[in-house]
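Colleague: One structure, pasted below without further comment.
The values are calculated or read from the model by the stated rules, or taken from the named source; none is laboratory data. Not measured: the values here are computed from a predicted model. Cβ placement follows ideal geometry from the backbone for every residue including glycine, while neighbour counts extend to all protein chains displayed. Surface accessibility is based on the protein's heavy atoms, side chains included, excluding ligands, DNA and RNA. Shrake-Rupley method; radii C 1.70, N 1.55, O 1.52, S 1.80 Å.
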Amino acid sequence: MQSFNQKMCRFFQTLWPAEEKPIVLGEGNTDHPPVMLIGEAPGEQESLQGRPFVGKAGKNLDGFLQVLELRREDIYISNVVKIRPTKVSEKGRVSNRPPNKEELALFTPYLLEEILLVQPKMVVTLGNVALKAICGPRAVIGDMHGKTIRVPVTHEKQTGEYPLFPLYHPASIIYNRSLQAVYDEDLAVLKTLL
Ligand code: URA
């Protein structure tokens, strides 16, 4: 894992200097964890602290862990894109934006390699971006959430097959409150599977 992280940092920091765009690596249990949780990309707090799912997203993660009766260190936590995608307003205000096509194309092979290294018992994606990174552009969270599917994961000459359980991204619930009940139900199903 260490050499994978070093390789990834070396490559991405040729594109973005660390002080400009810190890389937020995956963290946690890298030895067949019960869950590998995959988000979209780091936000402001993640970029400042250099860790995935801290700040507000960390609060959502606490709720997730509580339902599943797991500790943060039991699972592996990562994002598809490992730098914070930002936009700057006319007034110079920096805010988050969804990862663009180039960023997704650049980071997705590393995510697939990461899954093959960690070998999780269950991959849990949050939202459409993470789901599409693994299943391809036709996958849609509205059709696939709350069910397990087996997905092939291939990187260079390595290949594996993993159970994937897609969840809505907790951030999307803020914009669509009716998803809260769906998310809670899906999480209850996931608990029965672990
Ligand atoms: N923080 C993360 O690390 N990932 C997300 O997808 C959202 C917030």
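Colleague: From the set of residues in the stretch 110-134 that are touching a His at 6+ places or on another chain (Cβ under 6 Å) and open to solvent by less than 60 Å² (accessible area, probe 1.4 Å), which is nearest to Ile77 (Cα to Cα)?
Modeller: By that ranking, first place goes to Leu126.
Colleague: Scan the stretch 151-174 and give yes if some residue there is open to solvent by 50 Å² or more (accessible area, probe 1.4 Å) and assigned to a helix (DSSP H, G or I), otherwise no.
Modeller: yes
Colleague: Taking the condition farther than 23 Å from Ile173 by Cα and either out of contact with any helix residue (DSSP H, G or I) (no Cβ under 8 Å at 6 or more places or on another chain) or open to solvent by 30 Å² or more (accessible area, probe 1.4 Å) (or both), does Leu70 pass?
Modeller: no
Colleague: Any residue in the stretch 139-150 that's more than 13 Å from His169 (Cα to Cα): show its pairings with residues that are part of a loop (DSSP other than H, G, I, E, B) at Cβ separation under 9 Å, as long as the two are six or more apart or on different chains.
Modeller: Matching pairs, first to second residue: Thr148/Met122.
Colleague: As an exercise: evaluate Pro98 against (1) under 18 Å from Thr125 (Cβ atoms); (2) assigned to a helix (DSSP H, G or I) and give the number of the one condition it does not meet.
Modeller: (2)
Colleague: For the stretch 106-119, how many residues meet the condition of being closer than 12 Å to Glu161 by Cβ and touching a Phe, Trp or Tyr at 6+ places or on another chain (Cβ under 7 Å)?
Modeller: Residues flagged as closer than 12 Å to Glu161 by Cβ and touching a Phe, Trp or Tyr at 6+ places or on another chain (Cβ under 7 Å) within the stretch 106-119 amount to 1.
Colleague: Of the residues Leu61, Leu37, only one is under 24 Å from Lys132 (Cα atoms), open to solvent by less than 10 Å² (accessible area, probe 1.4 Å) and either in a helix (DSSP H, G or I) or of a type in the set (D, E, K, R) (or both); which?
Modeller: Answer to the selection: Leu61.
Colleague: I've got another one for you. Being outside any loop (DSSP other than H, G, I, E, B), under 25 Å from Tyr183 (Cβ atoms) and not hydrophobic (A, V, I, L, M, F, W, C) narrows it down to one of Lys87, Lys132, Lys121, Lys147, so name that one.
Modeller: So the residue among Lys87, Lys132, Lys121, Lys147 that is outside any loop (DSSP other than H, G, I, E, B), under 25 Å from Tyr183 (Cβ atoms) and not hydrophobic (A, V, I, L, M, F, W, C) is Lys132.
Colleague: Still on this structure, please answer the following. Pick from the stretch 77-102 the residues that are more than 13 Å from the ligand (Cβ to nearest atom) and open to solvent by less than 50 Å² (accessible area, probe 1.4 Å): which of them is farthest from Lys21 (Cα to Cα)?
Modeller: Selected residue: Gly92.
Colleague: Please count how many residues of the stretch 103-126 are within 16 Å of the ligand (Cβ to nearest atom) and more than 17 Å from Lys7 (Cβ to Cβ).
Modeller: So the count comes out to 6.
Colleague: Please tell me if Ala188 is outside any strand (DSSP E or B), in contact with a helix residue (DSSP H, G or I) (Cβ under 8 Å, 6 or more places away or on another chain), modelled with pLDDT of 95 or more and under 15 Å from Gly63 (Cβ atoms).
Modeller: Spelling it out, Ala188 is indeed outside any strand (DSSP E or B), in contact with a helix residue (DSSP H, G or I) (Cβ under 8 Å, 6 or more places away or on another chain), modelled with pLDDT of 95 or more and under 15 Å from Gly63 (Cβ atoms).
Colleague: Condition check: open to solvent by less than 60 Å² (accessible area, probe 1.4 Å) and part of a helix (DSSP H, G or I). Does Leu25 satisfy that?
Modeller: no
Colleague: Oh, and also: How many residues does the stretch 140-185 hold that are among the basic types (Lys, Arg), at pLDDT 95 or above and more than 23 Å from Leu111 (Cα to Cα)?
Modeller: Matching residues across the stretch 140-185 total 0.
Colleague: Follow-up. If I go through the stretch 13-22 residue by residue, how many of them are surrounded by fewer than 18 Cβ atoms within 10 Å (Cβ to Cβ), of a type outside the set (S, T, N, Q) and touching a Lys or Arg at 6+ places or on another chain (Cβ under 9 Å)?
Modeller: 1
Colleague: Tell me which residues, restricted to the stretch 40-58, are more than 10 Å from the ligand (Cβ to nearest atom) and not in a helix (DSSP H, G or I).
Modeller: Answer for the stretch 40-58, where residues must be more than 10 Å from the ligand (Cβ to nearest atom) and not in a helix (DSSP H, G or I): just Gly50.
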